[in-house]
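Taken together, the values in this text are just the output of simple stated rules run on the coordinates, not laboratory data. Model, not experiment: these values are computed from the prediction. Here the Cβ positions follow ideal geometry from the backbone for every residue, glycine too, while neighbour counts run over all protein chains shown.
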Amino acid sequence: MRTVNQRDRMAEWCMRALTYTIVAAVAYIILHIVVNGAPALTWGFLTEMPRNSGLAGGIYPAIVGTGMLVFGTMIVALPLGMACAIYLSEYATQNRLTGFIRLAIATLAGVPSIVFGLFGLGLFVIFFNFGSSILAGSLTLACMVLPTVIVASEESLRAVPRSQREGSLALGASKWYTVSRNVLPYAVPGMVTGSVLAVGRAAGETAPILLTVAASFLPRLPQTVYDQVMALPYHLYILATQNPDAAAARPNQYGTALVLLLLVLGVNLAAILIRYRFRKKYQW
Amino acid sequence: MTQNVPHPPAKIEIKDFSFFYGATQALHSVSMDMPQNRVTALIGPSGCGKSTLLRSINRMNDIIDGVRHEGDILIDSDDIHRKSMHVDDLRKRVGMVFQKPNPFPKTIFDNVAYGPRVHGVKARGELADLVEKSLKRAALWDEVKDRMNQSALSLSGGQQQRLCIARALAVGPDILLMDEPTSALDPRSTSWIEDLIDSLRSDYTIVIVTHNMQQASRVSDLTGFLYEGKLVEFGDTTQLFVSPKMKQTEDYITGRFG
């Protein structure tokens, strides 16, 4: 009996140690960025134009650029992804075609982000002639987050019990009436949460925007959706790799990393708050 | 409960009705006439097809992929599968109450008003009248009249099921299908629902699926016993329970299997 007990405890300690390792790694990354980035984080850094290739001045246009890309990605990916999820979950019969659609979505989720970047370059920048622009960048990022939005949305739709649909149909309600009044309202919080998390990830992506929208140094704000913008992840990449004097770039580099981190954490926090607010409301 | 007086004419006529889920046949040419203003119980072991038969009467099985049927079901001599039949209209005439109470996560008022709204009732006064009438008919009004704007999920299980009955009544059906309506309820709530079924008999034609033989004998006028998708025996409840004609029926109701 004793050996069984000891083994059991050893197993538990192994799991615990491994779990703590993960937490420690995350804590180290965040602490490292906060400690090194905090000194750069002044009001001027957030609100001023960059100067001298980004070595001096602020990162205002990059914050605005990333914000616009996030917004653009959301307004394209959310309706599209939700519509697709509603179709798959509520309307489509389960057959070979839907199996194929699901396979396509899973494949899309596994495509490397640089491939999305090249795809965006080919389709939106060149073929549709949008040029390197907010429009092209948002559409490219939207393609990248679509699978996550679809999967998250479909999961929230499936979490609404079948009895809700049957109850409504049995009263003579049509399918669309049932879906729009008695399924969607309860699934939307979950759909939004999952989608916002996906878009939060997109905010930190470099490869898809590299070829479709991002400018390495553009110290002014965009006027239209056909303009290029700076973006935080790309700015960070430029500062870290494209400067002969690495030490001089370091303060702003850490500052940029910190701002990007806070932005993504902020988006995730918003998503979690939405979920928390609605989770208690519906218990089936 | 059952008298030896002749039953009123058939409200629901099921004629040689077979039903298939893909390649699996769930019902084998079932024929039975369910008289108006009577309670017809469907009994039988799990998987015998009684729920499938019940859900065929308001075509709820249509929402499942890959199903098909043979034979006919007539309501008031009208074929429910005819091309010009709108399933929404059919379900307006044939209400349904489910096994597990399924109130919508809305207010008590909005639950009952859901059906009328579906069918285009918009006036607040008319809705309020319908809701009150339906809740009274389902013997729930006195318990909820002061909290119409509270969530239906705050009600007890038994109250929720009566709310679901009120919700079904609010669209003005003349047939009520009940799929094991008390299997998720405690004995007290069960007897409430059984009393309610008894009082609804005068205005509605009721078909009830039940696992509970005592319940079938308490509430129903006629009983059909299904086994492996076939209607083994169908007749007056007292007669079926006291002197069943078929050996299988006798074995089932005396608890020898099932």
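Using a Förster distance of 30 angstrom, determine the FRET efficiency expected from the C-beta separation of A:I126 and A:L97, and round it to 0.05.
Details: r = 32 Å, r/R0 = 1.05.
The formula returns an efficiency of 0.45 here.
From the phi of every residue in region B:94-102, what ³J(HN,Hα) in whole Hz does the Karplus formula 6.51 cos²θ - 1.76 cosθ + 1.60 yield, where θ is phi - 60° and glycine or proline is x?
10, x, 9, 10, 9, 4, 9, x, 10
With θ taken as phi - 60° and the coefficients 6.51, -1.76 and 1.60, list the Karplus ³J(HN,Hα) couplings across region B:23-37 in order, rounded to whole Hz; mark glycine and proline as x.
Residue by residue, region B:23-37 yields 8, 8, 8, 9, 10, 10, 4, 7, 10, 7, 10, 9, x, 5, 6 Hz.
Can you pick out the pairs among A:K175/B:K133; B:K15/B:K83; A:K175/B:K122; B:K11/B:K145 whose Cα atoms lie more than 29 Å from each other?
Checking Cα-Cα distances, B:K11/B:K145 exceed 29 Å.
What percentages, rounded to whole numbers, describe P(r) for chain A computed over all alpha carbon pairs with 10 Å bin width beginning at zero?
Binned Cα distances yield the sequence 6, 22, 26, 22, 15, 7, 2, 0.
Which trypsin sites (Lys or Arg not before Pro) in region B:1-86 sit in a loop by DSSP (not H, G, I, E or B) and have at most 15 other Cβ atoms within 10 Å of their own Cβ?
On the way: sites: B:K11, B:K15, B:R38, B:K50, B:R55, B:R59, B:R68, B:R82, B:K83; in loops: B:R38, B:R59, B:R82, B:K83.
Answer in residue order: B:R82, B:K83.
Residue-wise, which Karplus ³J(HN,Hα) couplings in Hz belong to region A:209-225, taking 6.51 cos²θ - 1.76 cosθ + 1.60, θ = phi - 60°, and x for glycine or proline?
8, 3, 9, 10, 8, 6, 9, 6, 8, 8, x, 7, 8, x, 9, 10, 6
Check which residues have an amide H placed less than 5 Å from B:V97's amide H, if you skip close sequence neighbours.
B:L177, B:M178, B:D179
Using alpha carbons only, how many angstrom separate the centre of region A:97-111 from the centre of region A:51-67?
First find each Cα centre; the distance between them is then 38 Å.
Search the structure for amide H atoms under 5 Å from the amide H of B:Y227, placed 1.01 Å from N in the peptide plane, and list their residues when 5 or more places away or on another chain.
HN-HN under 5 Å from B:Y227: B:V232.
Rounded to the nearest 20 debye, what is the charge dipole size of chain B about its Cα centre when +1 sits on each Lys and Arg Cβ and -1 on each Asp and Glu Cβ? Let's see the in-between values first.
Working: 31 positive and 33 negative charges, 104 e Å.
The dipole magnitude comes to about 500 debye.
Could you tell me whether region B:84-216 comes out rounded, prolate or oblate from its Cα gyration tensor? Rule is a ≥ b ≥ c as square roots of the eigenvalues, rounded for a/c under 1.5, then prolate if a/b exceeds b/c, otherwise oblate.
Numbers: a/c = 1.78, a/b = 1.17, b/c = 1.52.
Oblate shape, in that a/c is at least 1.5 and b/c is the bigger or equal ratio.
With a ≥ b ≥ c taken as the square roots of the eigenvalues of the C-alpha gyration tensor of the protein assembly as shown, please select rounded if a/c is under 1.5 and otherwise prolate if a/b is larger than b/c or oblate if it is not?
On the way: a/c = 2.68, a/b = 2.42, b/c = 1.11.
Prolate, because a/c is 1.5 or more and a/b exceeds b/c.
Give the long-range amide H neighbours of B:G71: residues separated by 5 or more places, or on another chain, with amide H under 5 Å away, using H modelled in the peptide plane at 1.01 Å from N.
Those lying under 5 Å, H to H, from B:G71 are B:S18.
Give, rounded to the nearest 20 debye, the magnitude of the charge dipole that chain A has about its Cα centre when Lys and Arg contribute +1 at Cβ and Asp and Glu contribute -1 at Cβ. Mind showing how you got there, number by number?
On the way: 20 positive and 10 negative charges, 209 e Å.
Taking the Cα centre of chain A as origin, the dipole is about 1000 debye.
Would you mind telling me which residue in B:N37, B:N61, B:N149 has the biggest mean-square fluctuation in a Gaussian network model of chain B, where springs connect alpha carbons within a distance under 10 angstrom?
Top of the fluctuation ranking is B:N149.
At B:E132 and B:N149, where each label point lies 7 Å from the Cα along Cα→Cβ, what is the point-to-point distance in nanometres?
My value for the distance between the label points is 1.8 nm.
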